[in-house]
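K.L.:
Below: one structure in structure tokens.
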Amino acid sequence: MQYVPQGVCSRMIEFDVVDNKVTNVSFKGGCDGNLKGISSLVEGMYVEDVISRIGGIKCGRKDTSCPDQLAKALKKAIGK
């Protein structure tokens with residue numbers, strides 16, 4: 001799935017959901033090292049676990065963050 005994040009530096013989030021697990025997460029743009037780290041950490045986790053852990057995280061004064069945008073993308077992917 002492709003998701004265009006809003007309110008953050010990254011321009012695109014791509015990922016797959018297989019057997020209710022998150023795989024192949026990649027971010028275009030944003031803080032490269034941090035986003036590679038997030039992608040690696042969530043690899044193979046259950047979608048609901050990822051959403052509960054990273055949803056609502058803020059970046060500085062922003063109301064959202066790249067991890068929060070990933071959680072929103074995952075919610076959309078599973079129809080929540």
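K.L.:
So which residues in region 35-67 are in a helix (DSSP H, G or I) and touching an Asp or Glu at 6+ places or on another chain (Cβ under 6 Å)?
P.N.:
none
K.L.:
How many residues does region 13-25 hold that are open to solvent by 40 Å² or more (accessible area, probe 1.4 Å) and hydrophobic (A, V, I, L, M, F, W, C)?
P.N.:
Within region 13-25, residues that are open to solvent by 40 Å² or more (accessible area, probe 1.4 Å) and hydrophobic (A, V, I, L, M, F, W, C) number 2.
K.L.:
Would you please name the residue that is most open to solvent (accessible area, probe 1.4 Å), looking only at residues in region 43-80 that are of a type in the set (Val, Ile, Thr) and in contact with a strand residue (DSSP E or B) (Cβ under 9 Å, 6 or more places away or on another chain)?
P.N.:
The residue in question is 78.
K.L.:
Which condition from (1) without any contact (Cβ under 8 Å) to a residue 40 or more places away in the chain; (2) outside any loop (DSSP other than H, G, I, E, B); (3) not aliphatic (A, V, I, L, M) is the one that residue 72 breaks?
P.N.:
Against the list (1) without any contact (Cβ under 8 Å) to a residue 40 or more places away in the chain; (2) outside any loop (DSSP other than H, G, I, E, B); (3) not aliphatic (A, V, I, L, M), residue 72 comes up short only on (1).
K.L.:
Go through region 52-80 and give me each residue that's under 11 Å from the mean Cα position of the chain (by Cα) and among the acidic types (Asp, Glu).
P.N.:
Hit for region 52-80 is 68, nothing else.
K.L.:
Residue check, residue 28 against (1) loosely packed, with under 12 Cβ neighbours inside 10 Å; (2) in contact with a Lys or Arg (Cβ under 8 Å, 6 or more places away or on another chain), all met but one. Which one?
P.N.:
(1)
The values are calculated or read from the model by the stated rules, or taken from the named source; none is laboratory data. All of these numbers come straight from a predicted model, not from anything done at the bench. A quick note on method: Cβ atoms are made from the backbone with ideal geometry, for glycine too, and the neighbour counts reach across all protein chains shown. What goes into the accessible areas is simple: the full protein's heavy atoms, side chains included, and nothing from ligands, DNA or RNA. Shrake-Rupley method; radii C 1.70, N 1.55, O 1.52, S 1.80 Å.
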